[in-house]
1. Can you list the HN-Hα couplings for the stretch 308-313, worked out from phi with the Karplus curve (6.51, -1.76, 1.60; θ = phi - 60°), rounded to whole Hz and with x for Gly and Pro?
2. Going 7 Å from the Cα of SER504 along its beta-carbon direction, which residues of the stretch 266-295 have the amide nitrogen within less than 19 Å of the resulting point?
3. What is the stretch 3-58's relative contact order, in percent, from Cα pairs under 8 angstrom and six or more apart in sequence?
4. Tell me the accessible surface of ILE369 in square angstrom (1.4 angstrom probe, heavy atoms of protein chains only), to the nearest ten.
5. Nearest 5 is fine: what % of DSSP beta bridges in the stretch 3-58 come out antiparallel, could you say?
6. Relative contact order, percent, of the stretch 189-333 when contacts are C-alpha pairs under 8 Å separated by at least 6 residues?
7. Given the C-alpha centroids of the stretch 32-61 and the stretch 405-421, what is the distance between them in whole angstrom?
8. What dipole magnitude, in Debye to the nearest 20, does the stretch 341-531 give about its Cα centre under +1 on Lys/Arg Cβ and -1 on Asp/Glu Cβ?
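The values are calculated or read from the model by the stated rules, or taken from the named source; none is laboratory data. Not measured: the values here are computed from a predicted model. Here Cβ is always computed from backbone atoms with ideal geometry, including for glycine, and neighbour counts include all displayed protein chains. Quick note on the areas: whole protein, heavy atoms, side chains included, nothing else; ligands and nucleic acids left out. Shrake-Rupley method; radii C 1.70, N 1.55, O 1.52, S 1.80 Å.
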Amino acid sequence: MALKARVLYDFHSENPGEISISENEVVTLYSEKELDGWLEGENSRGETGLLPASYVEIIRNHLTSSNNGFSVSKPNTQAYTSSDALEGFPTGQGSDEDWDDEWDDSSPATNAPRGLGGVPPLYPVTSSLPGRRDSSQQQHQAKSSATVGRNLNRFSTFVKSGGEAFLLGEASAFVKDGDRICVALGKHGPEWQENPYPFTCTIDDPTKQTKFKGMKSYMSYGLTPTHTSVQVNRRYKHFDWLYARLVERFPVISVPHLPEKQATGRFEEDFIAKRRKGLIWWMNHMTSHPVLARCDVFQHFLICGADEKAWKQGKRKAEKDELVGANFFLTISTPSVPLDLQEVESKIEGFKTFTKKMDENIVIVNTTINEFARKQAIGFKKEYQKVGQSFKLLAQAFELDQQAYSAGLNRAMADTGDAYEAIGEYFAEQPRQDLDPISDLLDFYRGHLANFPDIVHVQKGALTKVKDCPKQESELHDRCNIISCATLAEIQHFHRTRIRDFRSQMQHHLRQQISFFQKITTKLQETLQKYDVDQ
């Protein structure tokens, strides 16, 4: 039976087999079964093909009543509990199959990104950002995708993340010393305790692998962490599984989004290169996070190599982790001096304003530089080539004079034409060096910003609960302090990494720009010297 779904965001097809959809459009889905984050369906114009699953919301549980002969569809507004949501959400727990046997790149994404606490969020969250959009679409998103405030029920995330259960003293779990997460009081407020054993991890160019006698193909990435110097091989599905575990485990930590999924063209060179760059960004943020880098499931992902038995044991352990939801907050150790909750609220409101404005302006910057890159690659190149060709035509005309003493000028004129054509090529190639990296960074940070509404809602829910229950204020205040410390520590880490990343990327951009114009200057100087030759 076909399903109806409402479109949440505009999507413009970029590859064969995809269809374009518009916000608020009602589309028909042939199945709920996802293929690497894509669904098959039909839009209102009768076009059939693939569309991104995260861009639509299935219309469910409609009650039909008769009103003067017309059918009136009413959505089921009954709230669902965490356990209800979990019953319908596949986790793959208890699987005895090897990773590569259990998952392949052509199978449905059974471990798609979740909302906080491991349940579906009230609005779609995807582990990837959409590909480059046109200007009109990005401008639309600047207005409609404000980072904070998209969740209509401001307490839903608070409940599903386990915040309410923890605040009411219902959390219970044994916390080992190795699982404890310390929040220190730094110069600018709460911050995560630094990782005493920092490390990085490189990701090699992927190689294409096959299984089932060549029937299935996938890309394998070689990961080499510096603290072991031993390479392990991972597929994108493995990253996706890890991402789902981390989102479930850390409700007040912004787990970076993975690069996009794609149903078609997964083995094309450009897509593979872009995905690898995205995974490198992802890995750099993971290894630099004081909490995520030390997490046992992440360490298992990096360290466990060819030992199949050890891998399966670690996988089962991660999928049965008890320190999720409300129990996660039991792992946090805070400074002895409690925070002023009024000051905390003020800081959170300030951060909401900041993230909203940053999100809006990221779209503007991305639209601007993508348009500029397009002009360089097409317009500038074409105009410089036209100038170069005109100089060469003039040189050909000069050659008709058949005067020996004009040969030097004729060659110099022709070389000038070649120089301008070469400069046109320089402009076409340059965006890959200086503008595309900025665009990649902006896309990556939009993923980060999309995580913070849920994180903020957890903390805001705790503050509201304290205000609404004055009789239990002392106990609630202590637990709210834990949530507040963790939230502010994550905000502090976000700002530090943001400053580091944008400073580094802008320095790279300007160095590339300087090198680019020096290259043009050198080319023109070489051409100028050719006019000093008489013959």
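1. Each residue's phi maps through the Karplus curve to give 5, 5, 5, 4, 4, 5 Hz.
2. So the set is 274-294.
3. Working: 125 pairs, mean separation 21.8, N = 56.
Taking the mean separation of contacting Cα pairs over the length of the stretch 3-58, I get 39 percent.
4. ILE369 has an accessible surface of roughly 20 Å² with all protein chains in place.
5. Details: 16 of 17 bridges.
Antiparallel: roughly 95 percent of the beta bridges in the stretch 3-58.
6. Working: 154 pairs, mean separation 37.3, N = 145.
Once normalised by length, the contact order is 26 percent.
7. The two parts, judged by their Cα centres, are 58 Å apart.
8. Here the stretch 341-531 has a charge dipole of around 180 debye.
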